[in-house]
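Trainee: Handing you a structure now.
The values are calculated or read from the model by the stated rules, or taken from the named source; none is laboratory data. These figures come from a predicted structure and were not determined experimentally. Here the Cβ is made from the backbone with ideal geometry for all residues, glycine too, and neighbour counts use every protein chain on show. SASA here: full protein model, heavy atoms, side chains in, ligands and nucleic acids out. Shrake-Rupley method; radii C 1.70, N 1.55, O 1.52, S 1.80 Å.
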Amino acid sequence: MSNNNPKNNNPSSYTEQDIFVLEGLEPVRKRPAMYIGSTGKEGLHHLIWEVLDNAIDEVIAGFADEIYVILHPKNFVSIIDNGRGIPVGIHQQTKKSALETVMTHLHAGGKFGGKVYKASGGLHGVGVSVVCALSKFMFVSTIRDGKIYSQKYSQGKTIGPVYKLGNAKVTTYDKIFFDEESFMAAPLLEKLSKYLPAFAQGTCVTFSPDSEIFRNIELENKRILERIQEEAYLTKKLKISFISYSEDGLFDLNSYYFENGVKTFLQSFTKNKTPIHSNPFYLHKTTENAEIETAFFYTDDINSKELSFVNNIQTIDGGTHLTGFRKAITKVFNEYARDNNLIKKNEDNFNGDDIREGLYAIISIRISNPEFEGQTKTKLGNPEARGIIERLVTEGLQEYLEIHKDDAKRIIAKIALNQKSRLIAIKAKESVLRKGYLEGLSLPGKLADCQTKNPDEAELFIVEGESAGGSGKQGRNRYNQAILGIKGKILNVEKARLNKVLESEEIKSLILAIGTSILDSFNINSIRYKKIIIMCDADSDGHHIRTLLLTLFFKYFRPVIEQGYLYIANPPLYRITKNKITEYAFDDEEKFRIIQKLEQDTSSNAKIEVQRFKGLGEMNPEELYETTMNPEKRILKKVSIEDAKEAERLFDILMGKEVFSRKKFIQTHALQVNELDV
């Protein structure tokens, strides 16, 4: 291979001076995403999870039963547990205190020897040291034998030695948190102290994320609350509290404690579902090598959900433990159905899809040496976990079916119905997606296509209603903007089986326009537009249609969202005019500012007129283009997977069968409605 740069062909140009050694925690600061997944919101909050995992480990090991997560002013965080506290003696290898070793060295901690923790969440030994590396400021206090030892750090480096603060129980929290460098005024610290007990032992880690690493260091109460509630569900008899500073200068306290753990967890995330049998399956077993806890029940839903955890860490990509669970239930239900003549001799066994439709389950396992695929621990790889789960669930489920015979019949009947529906859907799928079927169809007549065939330039606006569609077609830039009109509310794919989805003319039009096909034939590289924009009215019907479309994309076009190709248009709510001046406001606050500005115009006493748009169809083509479609002026929101998940969740609440949850949701959010559209 030739090289045009003669210097690169000279071996002497590559010397020992070109070899760089990153010492201590420098690799973490150099490549933070390798350790925490990203430097966005997920990675930012991952700092909290890493410290929290250590506190949970103390609980699982039986040395703690109380944890506090505190969100202070200015995005400082403290995590306190009443465990044993980090040792402070001199470490034989590093010749530094054990506290400093744990905080500033990768792969250092009590989890590697296997004696201190039988099961732990901090798997790689990099957790708390990574947090230290990515924090602008960190202050760690460890309370052992009635003495308080502390050390400060910044960006992974120590600021001074470990020092002893006192011998009494901790009641002066300025000492445990920040010593003389407290960022909170004394009265505020006194308010916080009222929420906390006196600690005779334990660990307190306080840190502030480094703005040099993270684009945005604003921590979110909702994320933290959801995580600690999940931890409480998964750890029986743990009391875990979240204390958050609010803008009014006060602290809010939320505490969680569950006697029944996973059982209560299952009830919490299925409260909008209708179970088809009376007794949920529940199993809690401990062996020499593992502890498992699992619960499930079947609903009349066509969807399913399996939450899997290892040492309290959610494995969103599953792994061997989930595989073992699925294999066990598939085997047991088929054997039971055969033994009780619920499957005829000439009929096929139920497959995994039949078994899982309508199933809501939690699978939690604790093992001593978990092996994960990826630094952020999303998929378990231990082969032995599969065998343990499969054996224990098989035994437990066989016993359950023998005891609860009526429940067993209802579950098998549900699975048999799932199988029948699946076979019908396969025929529908083969009919609709057979080779050449979609390719042979012309683009839908509802589509006003653009001139360019370059997906990088092309934009597709999905618009509901003839008026809005007409304005969009007239006002658009015909070179790169296409308009697809849809009629009314599309099918709710969350509640519809596949054959119904494939029969929907509106959905078929979308498939043809987007160009990717769906299901097994889906191909993201065939997409015709790399900006697909949902453009709906700002009223309640518009929000409903947008939610239906988001649910459709989440379920059948998920790579479109993952690639960042899906957007939501943000049309203005108000047109404000005075004389010949016209301005547009996208919310009430902006409307107020515009009116104030126009009122201050002393050159004219003309009346200010405010029109609230009820729909996109009220705008003429020029207005619609300038406010909502013009790339230089429009406001678009890129849809994330989290947005689509939330839309699916809200849709489940608002359109599900569970009346109480829907009523509660409406009552809770009623006061947020500025103007009711009838």
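Trainee: Could you check the simple spin-label distance between D339 and I641, using points 7 Å along Cα→Cβ, in nm with one decimal?
Mentor: About 3.9 nm, to one decimal.
Trainee: Let me ask something additional. Of S208, I224, P197, which is farthest on the positive side of the dipole of the stretch 187-244, counting Cα position, with +1 on Lys and Arg Cβ, -1 on Asp and Glu Cβ, and the Cα centre as origin?
Mentor: The Cα lying farthest towards the positive end belongs to P197.
Trainee: Next up: Taking all protein chains together and a probe of 1.4 Å, list D339, D354, D601 from the most accessible to the least accessible. Each step should come with its number before you reach the end.
Mentor: On the way: D339 125, D354 0, D601 50 Å².
Sorted by accessible area, descending: D339, D601, D354.
Trainee: Determine the distance separating the Cα centre of the stretch 282-300 from the Cα centre of the stretch 376-416; give it in Å without decimals.
Mentor: With the stretch 282-300 and the stretch 376-416 each reduced to a Cα centre, they are spaced 8 Å.
Trainee: Next up: Scan the stretch 325-383 for trypsin sites (Lys or Arg not before Pro) in coil per DSSP, keeping those whose Cβ has at most 10 other Cβ atoms within 10 Å, and list them by number. Provide the component values of the computation, followed by the final result.
Mentor: Details: sites: R326, K327, K331, R338, K344, K345, R356, R366, K377, K379; in loops: K344, K345, K377, K379.
Taking the stretch 325-383 and a limit of 10 other Cβ atoms within 10 Å, the loop trypsin sites (Lys or Arg not before Pro) found are K344, K345.
Trainee: Report ³J(HN,Hα) in whole Hz for each residue of the stretch 295-306, in order, from the Karplus equation J = 6.51 cos²θ - 1.76 cosθ + 1.60 where θ = phi - 60°; Gly and Pro get x.
Mentor: Computed from phi, the couplings for the stretch 295-306 are 8, 7, 8, 9, 10, 7, 6, 9, 9, 8, 7, 10 Hz.
Trainee: When the dipole is taken about the Cα centre of the stretch 491-633, and only Lys, Arg (+1) and Asp, Glu (-1) are charged at their Cβ, what size is it in debye, to the nearest 20?
Mentor: On the way: 20 positive and 22 negative charges, 68 e Å.
Result for the stretch 491-633 is approximately 320 debye, rounded to the nearest 20.
Trainee: Can you give the accessible area per residue of the stretch 276-361, in Å², using a 1.4 Å probe?
Mentor: On the way: 3710 Å² over 86 residues.
That works out to 43 Å² for each residue.
Trainee: Specify whether the C-alpha gyration tensor of the stretch 419-550 places it in the rounded, prolate or oblate class, a ≥ b ≥ c being the square roots of the eigenvalues: rounded for a/c under 1.5, otherwise prolate if a/b is larger than b/c and oblate if not. The partial results should precede the final answer.
Mentor: Details: a/c = 2.31, a/b = 1.35, b/c = 1.71.
The shape class here is oblate.
Trainee: For the stretch 430-558, give me the percentage of DSSP beta bridges that are antiparallel, rounded to the nearest 5 percent.
Mentor: On the way: 2 of 13 bridges.
Here the antiparallel bridges make up roughly 15 percent for the stretch 430-558.
Trainee: What's log10 of I(q)/I(0) for the stretch 506-650 at q = 0.12 Å⁻¹, Debye sum over Cα points only, no solvent?
Mentor: Values returned for q = 0.12 Å⁻¹ are -0.60.
Trainee: Excluding residues fewer than 8 places away in the same chain, name every one of the lysines whose C-alpha is closer than 27 Å to that of K344.
Mentor: Cα-Cα hits under 27 Å: K327, K331, K405, K409, K414, K420, K427, K429.
Trainee: Show H404, H543, H321 ordered by accessible area, largest first, where the area counts protein heavy atoms only and the probe is 1.4 Å.
Mentor: Values: H404 55, H543 80, H321 0 Å².
Ranking H404, H543, H321 by accessible area, largest first, yields H543, H404, H321.
Trainee: In whole Hz, with x marking every Gly and Pro, tabulate ³J(HN,Hα) for the stretch 157-163 from phi via Karplus 6.51 cos²θ - 1.76 cosθ + 1.60, θ = phi - 60°.
Mentor: Karplus-based 3J(HN,Hα) across the stretch 157-163 equals 10, 6, 10, x, x, 5, 9 Hz.
Trainee: Still on this structure, please answer the following. Mind checking which aspartates and glutamates have their C-alpha under 19 Å from K95, skipping anything on the same chain fewer than 8 residues away?
Mentor: Filter leaves E23.
Trainee: Another question about this same structure. Around A64, which amide H atoms from residues at least 5 apart in sequence, or from another chain, sit under 5 Å from its own amide H, with H modelled in the peptide plane?
Mentor: V59
Trainee: Heads up, I need the accessible area for E622: 1.4 angstrom probe, whole protein in place, Å², nearest 10.
Mentor: Estimated to the nearest 10 Å², E622 gives 120 Å².
Trainee: Ok, one more. Residue by residue through the stretch 422-429, what is 3J(HN,Hα) from phi via Karplus (6.51 cos²θ - 1.76 cosθ + 1.60, θ = phi - 60°)? Round to whole Hz and write x for glycine and proline.
Mentor: Computed from phi, the couplings for the stretch 422-429 are 5, 5, 5, 5, 4, 4, 5, 5 Hz.
Trainee: Note the full-extension length gain between I302 and N260 as 0.36 nm times their separation in residues minus their Cα-Cα distance, in nm to one decimal. The partial results should precede the final answer.
Mentor: Values: separation 42, 0.36 × 42 = 15.12 nm, distance 2.77 nm.
Length gained between I302 and N260: 12.3 nm.
Trainee: Right, next: Take the Cβ-Cβ distance between A496 and N570 as r, set R0 to 30 Å, and report the resulting FRET efficiency rounded to the nearest 0.05. Kindly include the intermediate steps, with their values, before the conclusion.
Mentor: Working: r = 29 Å, r/R0 = 0.97.
Rounded to the nearest 0.05, the efficiency is 0.55.
Trainee: Determine how large the accessible area of K633 is when every protein chain is in place; take a 1.4 Å probe and give Å² rounded to the nearest 10.
Mentor: The accessible area of K633 comes to roughly 120 Å².
Trainee: Cα centroid distance between the stretch 540-576 and the stretch 200-242, in Å?
Mentor: Using only Cα atoms to place each centre, the spacing works out to 32 Å.
Trainee: Now for a separate question. How much of C132 can a 1.4 Å solvent probe reach, expressed as accessible area in Å² and rounded to 10?
Mentor: C132 has an accessible surface of roughly 0 Å² with all protein chains in place.
Trainee: What distance in nm separates the simple spin-label points at K30 and E399, each placed 7 Å from Cα in the Cβ direction?
Mentor: So the two model labels end up 5.4 nm from each other.
Trainee: Here is a further query. For K638, list the aspartates and glutamates whose Cα falls under 12 Å from its own Cα; do not include residues on the same chain fewer than 8 positions away.
Mentor: Within the straight-line limit of under 12 Å, K638 reaches these aspartates and glutamates: E562.
Trainee: Next question, about the same structure. In the stretch 194-353, what percent of the accessible surface is made up of carbon and sulfur (1.4 Å probe, ligands and nucleic acids excluded)? Mind showing how you got there, number by number?
Mentor: Values: 3170 of 7500 Å².
Summing carbon and sulfur atoms, their accessible area is 42 percent of the total for the stretch 194-353.
Trainee: Follow-up question, since we're still on this one. What is the Cα coordinate range of the stretch 56-99 on the first, second and third principal axes, sorted by size from largest, in whole angstrom?
Mentor: That works out to 37, 30, 11 Å along the principal axes.
Trainee: Of T602, T274, which has the most accessible area and how do the rest follow, probe 1.4 Å? Don't skip to the end; give the middle numbers.
Mentor: Working: T602 130, T274 55 Å².
The most accessible residue leads, giving T602, T274.
Trainee: Quick one: putting +1 on the C-beta of Lys and Arg, -1 on the C-beta of Asp and Glu, what dipole do you get for the stretch 432-548 around its Cα centre, in Debye to the nearest 20?
Mentor: Numbers: 17 positive and 15 negative charges, 56 e Å.
Dipole of the stretch 432-548, to the nearest 20 debye: 260 debye.
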